[in-house]
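Below is one structure, written out as structure tokens; the observations come after it.
The values are calculated or read from the model by the stated rules, or taken from the named source; none is laboratory data. These numbers were taken from a predicted model, which means no experiment stands behind them. With ideal geometry, Cβ positions are generated from the backbone for all residues, glycine too; neighbour counts draw on all protein chains shown.
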Amino acid sequence: MAYRDIDLGLLRTFSVVAETGSITRAAARLNLTQPAVSQQIGRLEDRLQKALFEPRQRPKTLTDEGELLHGYTKAMLRLHDEALTRLSRPEVSGRVVLGTPDLYAEFFLPDILADFGRAYPTVQIDLRCALSLPLLKDFEAGRIDLVMATQMPGNIEGRFIRSEPLHFVTGENSDAHKKTPLPLAMLPPGNLYRDHALQALESHGRPWRIACESESISGLLAAVQAGLAVTVLTEPAVGPGLRTCTGFDGMPELPSVDLVLYCDTDRQDSTSGHLADYLIKRLTWEN
């Protein structure tokens, strides 16, 4: 069998379609037309002589060969981007204060910050975890260089990274989602996840009560894993012991939220500017 080189551009497109489950959402993220995305997937399947997605499945579901390729693709793209960054990086040093809610710190940032640290070993990153509104106040006061958070209505506009679908989440062996009123584990008032959850339940006619309120994602997860409540999370945070609720569980669908980065656009060449660009690049391509 002859070896076939695979274009990294095709792999990037494949990875985004696999992660979003949709040609439409992938096209929006990649800034391409839907036909262009479909053509690139077709070219990749022709090159490999393998079907990568199950036919006529919505959302798009990977075949066994697609699952195998997706694992390799994420590793290859991560190595490619890290190598490119390290070979083309300017000499950067200094200290950056990065603020983010602990949900994003725990489930989005560890691998990215580790890779950035290897690429820029003389940069010190101080990570501060808090709710979005206090972080934005510190950003506007100049006490924080960057804030990665959810775009809140009425707040200043952040630099868009990607949309994150929200899901009601219950314990793997829990029946909390069957109870009436529905017990909820929620962040304090003023949080968009909470607002979307309550609005959806009200529209659905589903009675609810706040069973647990915590500023920490660890507190919410403890309540859910103990079978005491249901919470709202993004897909990357749905780990072992948890599962997303579906319409079969009597739960309404939730909208997406926008993940954004607040940064000073006048400091693009600064240390914080380099971290901002790195975060946006990595979070644009990865889940």
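Summary table below
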| read-out | value |
| --- | --- |
| Criterion violated by Leu259 - all others in (1) at positive phi; (2) touching a Ser or Thr at 6+ places or on another chain (Cβ under 8 Å) satisfied | (1) |
| Selection count, segment 1-53, where residues are of a type in the set (Phe, Trp, Tyr) and either on the phi > 0 side of the Ramachandran plot or within 18 Å of the chain's Cα centre (by Cα) (or both) | 1 |
| All positions within segment 1-59 that are outside any helix (DSSP H, G or I), small (Gly, Ala, Ser) and within 19 Å of Glu235 (Cβ to Cβ) | Gly21, Ser22 |
| Candidates Leu184, Leu228, Leu220 - the one that is in contact with a Cys (Cβ under 9 Å, 6 or more places away or on another chain) and in a loop (DSSP other than H, G, I, E, B) | Leu228 |
| Residue in segment 67-79 that is in the same structural domain as Val17 (by TED's automatic domain parsing), among the β-branched types (Val, Ile, Thr) and part of a helix (DSSP H, G or I) present | yes |
| Test: residue in segment 139-149 that is among the small types (Gly, Ala, Ser) and free of Cβ contacts under 8 Å to residues at least 12 places away in the same chain | yes |
| Considering residues of segment 206-220 that are in contact with a helix residue (DSSP H, G or I) (Cβ under 8 Å, 6 or more places away or on another chain) and within 15 Å of Gly239 (Cα to Cα) only, the residue surrounded by the most Cβ atoms within 10 Å (Cβ to Cβ) | Ile217 |
| Test result for Ala83, of a type outside the set (Asp, Glu), at pLDDT below 90 and surrounded by fewer than 16 Cβ atoms within 10 Å (Cβ to Cβ) | yes |
| Every pair of residues 6+ apart whose Cβ atoms lie under 8 Å, when the first sits in segment 28-41 and is free of Cβ contacts under 8 Å to residues at least 60 places away in the same chain while the second is surrounded by fewer than 14 Cβ atoms within 10 Å (Cβ to Cβ) and part of a helix (DSSP H, G or I) | Gln34/Thr24; Gln40/Gly9 |
| Of all residues in segment 133-153 being over 17 Å from Glu215 (Cβ atoms) and of a type in the set (D, E, K, R), the one that is nearest to the chain's Cα centre (by Cα) | Asp145 |
| Filter pass, Ala197 being assigned to a strand (DSSP E or B), buried (at least 19 other Cβ atoms within 10 Å of the Cβ) and free of Cβ contacts under 8 Å to residues at least 60 places away in the same chain | no |
| Residue in segment 176-194 that is surrounded by the most Cβ atoms within 10 Å (Cβ to Cβ), counting only those that are of a type in the set (Lys, Arg) and touching a residue at least 12 places away in the same chain (Cβ under 8 Å) | Arg194 |
